[in-house]
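In what follows, a structure is listed as C-alpha cells, so that the remarks can point back to it.
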Amino acid sequence: MGNKEVKRRLGRYLSIDKEYLDLIFNGVKVTTIRKGLVIPSVDIVYLKSDGKTFGELKIESTKYVKAKDLTDEDARLDGFKDKEELMRGLLKYYPDLKPEDWVTIIRFKLLRKMEGLDDGDIARLALAYGLFANERERRILSMVARGGSKDAVKELLGVSENCISGTLERALKRLKEKGII
C-alpha cells in the first residue's frame, strides 16, 4: 500500500444506498466495498440511508485488496451475482475506479433493524423522554427537533458539527438503552 493511498476513517455511521437495505435486512448483503483504505474507528455503527437510521451493525472485519483482485465470492457477499456485476455497481459510485486502486471490504453483521429514524425523530424522542445530559444537549436537540439544519445549529449555538453529531449519537444510544427504539 503506497504512501499516496488516502486512508479514511469510518465513524459511527455507515451510509448505504437505499436500494441495498432489503439485501442487508435479508442477510444477502453482509459486506460493503469502499474505494480506498477505510479504517473503522468503532466496532458498532449505525446503518444510515437517505439521512435516516435504519439499523445497527457490528463491524466484523476489514480486508484491503486491489479492485482487480476482487472475486465472485466478494461479489456474492456484497449482494451481487458475480464480479462483473459488482464492478458495474462500484463504477456507479466510483466512476474513476481503476483496477490498481485499493478497495476496502467491510464485513458486518446486522444487530438490529430500526424504523428509519431521522435526526429530527431522534431529537424529538430524546426530548420527550428527557434523555439529555445537560442544557447544551437540550438546546441542540430542541433546534434539531424543530428542523434546524446542522449549519443553523452550529451558527446559532456556536457549537461544532462534531458536537451536534455526538449529541445525536448519545441520544440514540440512550433511546436504545431505555428500550424506546
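Observations on the structure shown:
- 23 Å Cα-Cα threshold exceeded, pairs from Lys18/Lys68; Lys35/Lys63; Lys63/Lys173; Lys63/Lys178; Lys109/Lys154: Lys18/Lys68; Lys63/Lys173; Lys63/Lys178; Lys109/Lys154
- When all alpha carbon pairs of region 7-115 are counted in 5 Å bins from zero, the resulting P(r) reads 2, 13, 24, 26, 21, 12, 2, 0 %.
- Greater than 19 Å apart at Cα, pairs in Lys52/Lys176; Lys52/Lys150; Lys7/Lys92: Lys7/Lys92
- Cα pair count fraction exceeding 13 Å, expressed as % - region 119-177: 51 percent
- Size of electric dipole in region 1-127: Cβ of Lys, Arg +1 and of Asp, Glu -1, about Cα centre, debye, nearest 20: 360 debye
- Dmax and Rg, reported as Rg then Dmax, of region 73-181 (C-alpha, Å): 19.4, 53
- With a cut-off of 13 Å between beta carbons, the residues surrounding Asn162 carry a summed charge of +3, where Lys and Arg count +1 and Asp and Glu -1.
- Sparse packing (at most 16 other Cβ atoms within 10 Å of the Cβ) combined with a DSSP loop state is found for none of the chymotrypsin sites (Phe, Trp or Tyr not before Pro) in region 1-67.
- Only helices enter the 222 nm calculation for the chain: every DSSP H run of n ≥ 4 contributes -39,500 (n - 2.57), and dividing by all residues gives -11000 deg cm²/dmol, rounded to 500.
Coordinate-derived values only; no laboratory data. All of these numbers come straight from a predicted model, not from anything done at the bench. Note: ideal-geometry Cβ built from the backbone for every residue, glycine included; neighbour counts use all protein chains shown.
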